[in-house]
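Report on the structure given below.
The values are calculated or read from the model by the stated rules, or taken from the named source; none is laboratory data. What you see is a predicted model; the values in this text were computed from it and never measured. Cβ placement follows ideal geometry from the backbone for every residue including glycine, while neighbour counts extend to all protein chains displayed.
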């Protein structure tokens, strides 16, 4: 395997011969979520499509194709030596910025310019930017001191974060900009910031948010969504329409759910965007607490497998990439599922591997593939992660 | 801090996130699950169709002639009213709308069980009352219903037509129509209905099984799209003048013109260069508004009897009388057949008219003109000016003698047809009549299909189609019938170099924001290649008819400051009502002399002599068109 690289990593063959067995739990969890996601997308879209006089399996077919591409990307990334990415991270970062800027030349969809329209399909560069940001932060933080990071390193990292965040914020895509913040803070901490530095960073972020809210830099709908969640509980009627419907739909699933294709509300497309951002409502209604908790368990398995990969990585770059991917998953899962249950604002972050859509699925598959590549090339003995 | 410890902290954070979700999930699905379940069972998704606002109709200057406004109206859905509640709902509605409960019950019965119907407009207060007392109004809904308004009242009513409720026949023709919507029934409203309809939207909302709205949940609205705008070729100011002149001229004529029993008539102004209708009037008329919320049977009956719903400009078929002589004139020139009278002068031939036609070889006995005295020496040109029957009869005789029994006997009819008679002109308005040009073939058909249309003596044993019939055709009498629009089209082809138009009242279709959707151009139905002899003389001869010392139109136009700008031809056709002869007045005018642009046709049914009963109306319209002061009759 030859990849353009200024500095070839230590022979991959040598590592490969001593490679660890694949992480079966990680792969099974991911593939199971993908398969279940296809089924959920079908259940949430077939009646609406049939009603519109279209092929009811249209989204099913599309999602299955995306999943197929995702599996291929995941395996491909696993086989590639992840250390090349450390050297390529600046090129990846630069091209990401280019594509993020390119979307502003495209027409908007739902009032936002997030897509690149290519013949036959469209891509959301911001999904891939999430992976690119993890790679570039890991590359920058890898040489940093393990205990007590220099402020200068933090500053450089923040500089690199600023450009894609600003471009994404302008699209406007508040959710993705928040993803960067969360992922960065987790990676900073893993790389060696002190608690004091962490508090300063988080404090600055919160003050920054407050300023943005008060200076009116947010689009009206963004501000309203944030505020609606902040005041939630005081008066449920003020909560977002989507969330009210979403709560009713999930809640009506009760303990065991109504059964596949038996979700009266899902079949009637009661919740807007139920095949994409609100796909979790289809799980909640049809499979109840039992099914929804099982899905949570699958995400938990992925998260802790990623932490384990991070802990056993042969180098700091791999450690940081894996924990960055874990943070990415944790944030998406928490914000998306939390949104469907009205404890998080409506941000438009997809549920990894389940929401309909190709860009997110492909980017997430690549992220898991890179992490798995780190696992396959670990040299450290598996040590127990110390729980404080 | 070691990396392992840092990762441990992060794991702890992940555990907390997961536990938060799990706890919330338990709370939503298990603890509060039954509440959500009950709420979900209660929900019912209702869809209400939002009628699209009908497109506007504008005149050529962009003035709105027909538009639509939304009014809140009560819609009763009888399918939702249980039988035991019917009486109480009627009682409530009667109290609210101040309608006699018996009348309301009748409306309910008329609509039938399960029907959905619009009951009538309501104001804000009534709407609020209904919405706050929904339990008392089961099956009653308040909807915004678009209503047609005609800001200019009955102006150009016959061109606009009217709209009405969608009937089963309408649905059969266009299944996309909404059952409780409206559809154009006549005129432009009908002809261009598909452009005017627009796209309906819908309102989706969550309701309790009782039908009550659930508060706090915004309905999902899919906007309707207003229909396109139809821009007419008609000029409102000219239309106002045309209608006023026609109406006042008919009333004035009935009182002042000899033998006039005028009650109805029609007027058309057309641009001879483009085939565009600039104004079109028919009298008596009606209010298109009356149809919007339904017209009573008695009202409809009364208006029908006066032909108020008929656009006489395209549906009225009258014998054109002497206005037809211009067509015989064209035949004579183009076929080279002139009068064969005593003396022979240029061009072609003149005759000495002494008021009697001598026709020794005619199948019938000789006929006398209506005049007691002759016109003296007349040629084709002067004959048109003084409307000399003897001369045109003589042309007909010439054709008859030369072509009797062969296709050549139909020269006049052939020319009439090539000028657009005997068939609808194809104007973009429905119910157009085709007129009638008789010939041997028609009479032969009648013998088989409609013998009552022929005089007894014709059927057996006498000859079926005789020279006298052709002589009647030559002067536009007898069985010849034409609509005012057909004569306008024929005259315009005579003075515009030979273009026979398929006229249009609509210029273009636009979106509501003014972008062009379709350009509606008049179509050239036929193109005649006039000979030099016809082309260079016809306009002058028509002007002489109006202005010559013996011109039949002279008197009517003498009030104009520049009558030499106007040419035209009078017509007086005779029909028999209970054996009594009654004259119908015609005038077809063209102007201006140096650059013929307009043709104006006026017919006053039973209006007496054309020069007296119709020409003054045309004169007023030309005074307006030429920018003169419009003088009274």
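A few notes on this one:
- Residue list for the range B:406-423, filter: in contact with a strand residue (DSSP E or B) (Cβ under 9 Å, 6 or more places away or on another chain) and touching a residue at least 24 places away in the same chain (Cβ under 8 Å): B:416, B:418, B:419, B:420, B:421
- The combined condition, being buried (at least 24 other Cβ atoms within 10 Å of the Cβ) and more than 19 Å from the chain's Cα centre (by Cα), is fulfilled by residue A:286.
- Conditions (1) over 24 Å from the mean Cα position of the chain (by Cα); (2) more than 7 Å from chain B (Cβ to nearest Cβ): number failed by residue A:254: (2)
- Residue check for residue A:279: more than 12 Å from chain B (Cβ to nearest Cβ) and modelled with pLDDT of 85 or more: yes
- Strands (runs of 3 or more DSSP E) wholly inside the range B:567-632 containing at least 2 residues that are surrounded by fewer than 22 Cβ atoms within 10 Å (Cβ to Cβ): B:567-577, B:580-591
- Scope the range B:402-423; condition outside any loop (DSSP other than H, G, I, E, B) and in contact with a helix residue (DSSP H, G or I) (Cβ under 7 Å, 6 or more places away or on another chain); matching residues: B:402, B:403, B:408, B:409, B:411, B:412, B:413, B:415, B:416
- Considering the range B:110-147, the residues that are assigned to a helix (DSSP H, G or I) and modelled with pLDDT under 75 include one that is nearest to residue B:54 (Cα to Cα), namely B:111.
- Restricting B:31, B:39 to residues that are at the interface with chain A (Cβ under 7 Å from one of its Cβ atoms), modelled with pLDDT under 95 and more than 30 Å from residue B:193 (Cα to Cα) narrows the list to B:39.
- Taken over the range A:70-89, the criterion of being surrounded by 14 or more Cβ atoms within 10 Å (Cβ to Cβ) and under 25 Å from residue A:176 (Cβ atoms) is satisfied by A:70, A:71, A:73, A:74, A:77, A:82, A:85, A:86, A:88, A:89.
- Which numbered condition residue B:51 fails, given (1) modelled with pLDDT under 95; (2) at the interface with chain A (Cβ under 8 Å from one of its Cβ atoms): (2)
- Residue list for the range A:157-196, filter: more than 14 Å from chain B (Cβ to nearest Cβ), free of Cβ contacts under 8 Å to residues at least 12 places away in the same chain and buried (at least 23 other Cβ atoms within 10 Å of the Cβ): none
- Any hit, the range A:72-81, residues being under 28 Å from residue A:168 (Cβ atoms), over 19 Å from the mean Cα position of the chain (by Cα) and outside any helix (DSSP H, G or I): yes
- Residue check, residue A:310 more than 14 Å from every other protein chain (Cβ to nearest Cβ) and assigned to a helix (DSSP H, G or I): no
- Within the span defined as the range B:383-401, every residue fails to be surrounded by 16 or more Cβ atoms within 10 Å (Cβ to Cβ), modelled with pLDDT under 80 and not in a loop (DSSP other than H, G, I, E, B).
- Test for residue A:319: is it farther than 15 Å from residue B:19 by Cα, touching a residue at least 24 places away in the same chain (Cβ under 8 Å) and within 9 Å of chain B (Cβ to nearest Cβ): yes
- Subset of the range B:320-333 [out of contact with any helix residue (DSSP H, G or I) (no Cβ under 7 Å at 6 or more places or on another chain) and surrounded by fewer than 24 Cβ atoms within 10 Å (Cβ to Cβ)]: none
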